[in-house]
1. Is there any pair linking a residue in the range 40-51 that is more than 8 Å from ligand 1 (Cβ to nearest atom) to one that is at pLDDT 95 or above and in a helix (DSSP H, G or I), with Cβ under 8 Å and at least six apart or on different chains, and which?
2. Which one of these does residue 100 not meet: (1) away from ligand 2 (no atom under 16 Å from the Cβ); (2) buried (at least 22 other Cβ atoms within 10 Å of the Cβ)?
3. It is to be established whether one or more residues within the range 67-88 are over 21 Å from residue 163 (Cβ atoms), touching a strand residue (DSSP E or B) at 6+ places or on another chain (Cβ under 9 Å), more than 16 Å from ligand 1 (Cβ to nearest atom) and modelled with pLDDT of 95 or more.
4. Look at residue 183 and say whether it is near ligand 1 (Cβ under 9 Å from one of its atoms), assigned to a loop (DSSP other than H, G, I, E, B) and at pLDDT 95 or above.
5. Residues being in a helix (DSSP H, G or I), in contact with a helix residue (DSSP H, G or I) (Cβ under 8 Å, 6 or more places away or on another chain) and under 21 Å from residue 48 (Cα atoms): count how many of those fall in the range 77-101.
6. Just need a number here: residues in the range 270-285 that are in a helix (DSSP H, G or I) and modelled with pLDDT under 95.
7. For the range 260-297, how many residues are in contact with a strand residue (DSSP E or B) (Cβ under 7 Å, 6 or more places away or on another chain) and within 11 Å of ligand 2 (Cβ to nearest atom)?
8. Do we have residue 227 as closer than 17 Å to residue 282 by Cβ, within 16 Å of ligand 2 (Cβ to nearest atom) and surrounded by fewer than 24 Cβ atoms within 10 Å (Cβ to Cβ) here?
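The values are calculated or read from the model by the stated rules, or taken from the named source; none is laboratory data. A quick note: this is a predicted structure, and the numbers were derived from the prediction, not measured. Neighbour counts run over all protein chains shown; Cβ positions are idealised from the backbone, glycine included.
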Ligand SMILES: NC(=O)c1ccc[n+]([C@@H]2O[C@H](COP(=O)([O-])OP(=O)(O)OC[C@H]3O[C@@H](n4cnc5c(N)ncnc54)[C@H](O)[C@@H]3O)[C@@H](O)[C@H]2O)c1
Ligand SMILES: [Zn+2]
């Protein structure tokens, strides 16, 4: 069932391709002082220099905030906001993965002290854009550069919460292949599977529509054909760039539709056990896709017809949809990502809490083509214990 009303919101301007970073100074023309957001991993990977060097060259005043937390809690974001408020900056460049980009997006609607992140948890709609943002993603990736969402952990509830507000849509995006060229294999794999989940969830979700479909299926096609080489081969520049563009497309698809039960069941794993977002999605992907297979068959068949470029052996619909699911499973295995929860300290005693956390993600569960009951969630978790 396709939505009968739909809309598309995208970043104001996207610069991509060779030396796309060179375009940064021209969008800073009106800014007095620029905040550059990053985390320690970005600094040690040497990814701040390509940006700061360009700011220096253009004679721009800037200040670096390089101690942002990975997968931050709302309190950690509030601390960064406090530092930003005291800094006199009036523009934000985020250089990093989803964690850094989300902190920057939240700051952009929190620059005055009218309300705090905690208020946005209860009432995301009160935020309005105060500071322009430019995203330089370094993972491929969350697609956070193309969404109006920011995800924060809420430790007291042991969950992660998505704050959604259209005012957080980034103003500028720079997709420069240099930023993902030396992405370590394990990070490339986990964040690449996150993008795969975005694409397949948007493609098979209740909120899929003509706008999200264009981006979701194109992203899926590109990811399925490039993810393994992009992760395995340091020199696979073409595939790495494909992943960078595809994860952006998958983000656009999220903005136009939304993710489904994979993400809904994944969030409690991040909230309580601090399993990285891409890894928890990878663990939930297969059991949820199997659970969804019949309900999503038509979409999986279409995905097969679009994404399988080698000789096509499947003819029956059931074969085609099974092929798509098996293909994703092979990829997860190939990338050496855990496919179950052993090793993360999760036991049967934790099931009630996980199910409760998952059922709180109704924002996402309503998108799932097959209804997920608490009993369903329990048996899905049990299958990966
Ligand atoms: N806003 C959205 O639409 C959206 C969508 C999906 C996920 N998310 C959120 O994004 C966060 C995860 O983001 P992520 O998966 O991009 O990872 P991340 O930003 O948490 O980064 C993971 C690690 O990789 C390092 N890193 C990043 N790029 C690197 C590079 N090029 N080279 C070397 N190290 C690098 C970082 O320093 C960090 O240590 C989660 O909080 C998740 O919930 C947001
Ligand atoms: Zn995700």
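1. These pairs meet every condition: 48/42; 50/21; 50/178; 50/179; 51/21; 51/24.
2. (1)
3. If we filter the range 67-88 for residues that are over 21 Å from residue 163 (Cβ atoms), which is where we start, we get 67, 86-88.
Next, from what is left, pick out any that are touching a strand residue (DSSP E or B) at 6+ places or on another chain (Cβ under 9 Å): 87-88.
Now drop any that are not more than 16 Å from ligand 1 (Cβ to nearest atom), which leaves 87-88.
With the extra rule that they be modelled with pLDDT of 95 or more, the set shrinks to 87-88.
Yes - at least one qualifying residue is present in the range 67-88.
4. Numbers: near ligand 1 (Cβ under 9 Å from one of its atoms): yes; assigned to a loop (DSSP other than H, G, I, E, B): yes; at pLDDT 95 or above: yes.
Against the criterion (near ligand 1 (Cβ under 9 Å from one of its atoms), assigned to a loop (DSSP other than H, G, I, E, B) and at pLDDT 95 or above), residue 183 qualifies.
5. The total comes to 7.
6. Just the residues of the range 270-285 that are in a helix (DSSP H, G or I), to begin with: 270-273, 277-285.
Checking the rest, the ones that are also modelled with pLDDT under 95 come to 270-273.
Result for the range 270-285: 4.
7. 2
8. Judged against the criteria, residue 227 is not a match.
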